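So the structure is just underneath, and the comments pick up after that.
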Amino acid sequence: MNHGVYVSQQATSVSTPVVAESGVPFVVGLAPVQAADKPAAPGTPVLCTSWAEAVEKLGYSDDWAAYTLCEFMYSHFKLFACQPVIFCNVLDIATAKTEVPASDIAVTDHKVKLPIAAIDDEGLVVKEQGGSGATYKKGSDYSTYYDGEFLVIEAIQDGGAYAASKLNVAYNKVTPDSVDDAAVATGMESIELCLTTLGVVPDLICAPGYSQQATVAAAMTAKAGNINGLFRAKALIDIDSGSSGATSYTAAITKKNTANIADEDEVALWPMLKLGDHKFHMSTQLAGLIAQVDSGNGGCPYESPSNKNFQCDAMVLEDGTEVNLTLAQANILNDNGILTALNFMGNWLAWGNYTACYPANTDVKDYLIPVSRMFGWVGNTLIRTFWSKLDRPMTSRLIDTVLDSANIWLNGLVGMGYLLGARVEMLESENPLTNLMAGIIKLHVYMTPPSPAQEIDFALEYDASYVTSALQG
């Protein structure tokens, strides 16, 4: 016998929800990792929470045509001030490279500048002018570092190369153009590693510069509907605005149809955006805008990015030709499931609320971007929250814990205005005895996210009674 008063603790009967991430992009493309201080391995997901971290792990170059991930990191961190981003670089500098023959290069201020494509590896050989003399040693005769768009070879004072007016240099350079669409499509598979290696499930999938290619778009869409066999995301797909693509808004509609961009997990965009001298794929800026809007709503994706500011001063085709759409033209694109930009009230705004499945699919949970994203987000959250309940004894206590926890969380979303109403029930008709005996429970979630207010109509009427009250009162 224990003589006294004792206290024990029991597990809480209501689970705290593990809320799924929202507005987190997974971006596949090419980065100048030869210039990175701590280069990430190719083909692996890399989580970055700041510009400095992205540059450290991936490098940076203003040559966005060659290094597509640089466009995204500039937009997301510099323009939209959002984080995190998960990058996947598919440029392997160990294989995607070629030799540059030795040649004499002029020395300025004891420095030789090679293009950023130059790789600082064993292939970098520095000799006396002409190449027939001494071979200089790194660390004693010269040092190397990347600075902006250059690999700099700097002669060390008291070293043998310090007084040289020219240096004979041979090196390897990276060849981004050798990476094809298939490599980018294959890189999409790395999204499966995000949860296990980073603890994050992205809900936006991007491939700026490549998403307009059919093989890449197909890979993006396949993953958007089935990450780890469980989770859902949205694939942001650019419609080609190059010479072989769509150079008018009517051609964009045709291109969308012929490219079979018509899935509820796709958001189709046309054309591109420009800010100063920089051109952006619209998918790049939409990812930043979505993350910005989600962050403003506590990480809940219930609000549409439409009618919110892009960071641009023009809308352009791939060759830089400016595009200006009227409201009617932009609405025609929207009516065909294409999101675009509109400069109508003094600012360049994202314009459109429909996923790519519209108008073929008119199920509200599929074709409205915020409604569809809410269904995906709620589903992702329920999976992560109740995964820990799997394989426990299936008792009424377990079922009540799941139902109560889910309903409390959903009621909270309703209270914050993120849902108009929601509930979870266990319906007898959906749970036959044979399923229960086999350990299978089906819970039915009823939920209604608010639709975006796409049209507000004012009816104006002349009321003669005001004449009487005003003049005869």
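Only the coordinates and a few stated rules stand behind these numbers; no lab work does. Since the structure is predicted, the reported quantities are computational estimates derived from the model, not experimental observations. Neighbour counts run over all protein chains shown; Cβ positions are idealised from the backbone, glycine included.
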* To do: Measure up 138/166; 234/389; 138/173; 78/111 against 21 Å on the Cα-Cα distance and list the ones that go over.
  => 234/389; 78/111
* Structure fact -> Net charge (Lys, Arg +1; Asp, Glu -1) of residues whose beta-carbon lies under 14 Å from that of residue 132, residue 132 excluded, is 0
* Structure fact -> From fewest to most C-beta neighbours within 10 Å, the residues 447, 188 line up as 447, 188
* In nm, give the distance between the simple-model label positions of residue 463 and residue 78, each being 7 Å from the Cα along the Cα-to-Cβ direction. => 5.5
* Cut-off 13 Å between beta-carbons: net charge of the residues surrounding residue 187, Lys and Arg +1, Asp and Glu -1 -> -4
* To do: Give the percent of DSSP beta bridges with both residues in the chain that are antiparallel, rounded to the nearest 5.
  => 75
* Positive dipole terminus of the chain, leading residue within 415, 171, 312 (C-beta point charges) -> 415
* Structure fact -> In the stretch 378-473, the GluC sites (Glu not before Pro) that sit in a DSSP loop and have at most 14 other Cβ atoms within 10 Å of their own Cβ are 455, 461
* Structure fact -> The distance between the Cα centres of the stretch 102-120 and the stretch 363-381, in whole Å, is 53
* To do: Sort 441, 93, 369 so that the residue with the fewest other Cβ atoms within 10 Å of its own Cβ comes first and the one with the most comes last.
  => 441, 93, 369
* Convex hull of the stretch 378-421 built on C-alpha atoms - directionally averaged projected area, nm² -> 3.3
* Structure fact -> With 0.36 nm assigned to each residue of separation and the Cα-Cα distance removed, residue 396 to residue 446 gains 15.9 nm
* With r defined as the distance between the Cβ atoms of residue 437 and residue 200 and R0 fixed at 56 Å, what FRET efficiency is calculated, to the nearest 0.05? -> 0.90
* Asked: How much net charge surrounds residue 52 when only the other residues with a Cβ under 14 Å from the Cβ of residue 52 are counted, with Lys and Arg +1 and Asp and Glu -1?
  -> 0
* Structure fact -> For the residue 102, residue 230 Cβ pair and Förster radius 45 Å, calculated FRET efficiency rounded to 0.05 is 0.25
* Starting with the fewest neighbours, write out 232, 423, 392, 373 ranked by other beta-carbon atoms found within 10 Å of each beta-carbon. => 392, 423, 232, 373
